[in-house]
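What follows is a short report on a single structure.
The values are calculated or read from the model by the stated rules, or taken from the named source; none is laboratory data. Predicted, not measured: the structure shown is a model, and the values here were computed from it. Positions of Cβ are backbone-derived with ideal geometry, glycine not excepted, and every protein chain shown enters the neighbour counts.
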Amino acid sequence: MSLFVATWVKFFFLYAPFFVVSMFLSLTRGDSPASRRKVVNRAVLAALAISVILLFFGSTLFEILGITLDSFRIGSGVLLFLSAVSLVRDGIRTHATGMPAEERDDISVVPLAIPTIIGPATIGAILVYGAELKGWDVMIGLLGMLAALAGLAITLHLSSVFERILGRTGLNILSKITGLILAAMAAQIILSGVRGFLESV
């Protein structure tokens, strides 16, 4: 149970839900509620497919490329830290799509699922977690990831409510708090990689 909760919390913050909400609101400005629901469902399903592939085939990818887990920890930790710094420094930016409504369906995959939900840093972190989990722990990790994505989906479906309650300033604050938590997670990943590398020398 503790592994499930820990994985759920880690993945939930990895997906940077409040930053995703802000991007979603900007990208779907003026869309109907039905259209927004379709975008949310497609984006979360795309993120789920990508996350599952990364979680289960991370170790195989390491073996094929000849990359050690510790070196990937350091690299993905650095990327995650840069993403966290960007969230803390820049917060929410307004993005205008400038696309006709009939061309807007693709935003559910790009740029909402990739790279907003699943960015380079998130990809690296998922690969590391997948390689670290062994045996039945992989299934527990998968359940934690599914719970985090379900939480993200609920958050996106309630995005209009959050916007009314919090306003853009409130969403900016939450996005910066998410960045601080991601920075702490990145530091932990990097330190684990460095410690593992030093022990293997």
**OP:** Output the qualifying pairs, or none if there are none: Cβ atoms under 7 angstrom, residues six or more apart or on different chains, first residue in region 1-19 and touching a residue at least 60 places away in the same chain (Cβ under 8 Å), second residue surrounded by fewer than 21 Cβ atoms within 10 Å (Cβ to Cβ) and hydroxyl-bearing (Ser, Thr, Tyr).
**Re:** Pro17/Thr155
Original post:
Within region 157-174, is there a residue that is at pLDDT 90 or above and within 30 Å of Gly58 (Cβ to Cβ)?
Top reply: yes
Original post:
Does Pro111 satisfy the condition of being assigned to a helix (DSSP H, G or I), in contact with a His (Cβ under 9 Å, 6 or more places away or on another chain), under 28 Å from Arg36 (Cα atoms) and modelled with pLDDT under 85?
Top reply: yes
Original post:
Of the residues Ser83, Ser26, Ser35, which is among the small types (Gly, Ala, Ser), surrounded by fewer than 17 Cβ atoms within 10 Å (Cβ to Cβ) and modelled with pLDDT under 80?
Top reply: Ser26
**OP:** Spot the failing condition for Ala121; the list is (1) assigned to a helix (DSSP H, G or I); (2) modelled with pLDDT of 80 or more; (3) under 30 Å from Leu198 (Cβ atoms), and only one is missed.
**Re:** (2)
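Listed here are the residues, each with its yes/no results for (1) closer than 14 Å to Leu14 by Cβ; (2) under 18 Å from the mean Cα position of the chain (by Cα); (3) hydrophobic (A, V, I, L, M, F, W, C); (4) surrounded by 15 or more Cβ atoms within 10 Å (Cβ to Cβ).
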{"position": "Val110", "(1), (2), (3), (4)": "no, yes, yes, no"}
{"position": "Ile126", "(1), (2), (3), (4)": "yes, yes, yes, yes"}
{"position": "Ala131", "(1), (2), (3), (4)": "no, yes, yes, yes"}
{"position": "Lys134", "(1), (2), (3), (4)": "no, no, no, no"}
{"position": "Ala148", "(1), (2), (3), (4)": "yes, yes, yes, yes"}
Subject >> Tally of residues being in contact (Cβ under 8 Å) with a residue 24 or more places away in the chain and hydrophobic (A, V, I, L, M, F, W, C) across region 47-67 >> reply: 10
**OP:** Please determine, by comparing only the residues of region 172-201 that are aliphatic (A, V, I, L, M), part of a helix (DSSP H, G or I) and over 17 Å from the mean Cα position of the chain (by Cα), which one is nearest to Ser83 (Cα to Cα).
**Re:** Ile190
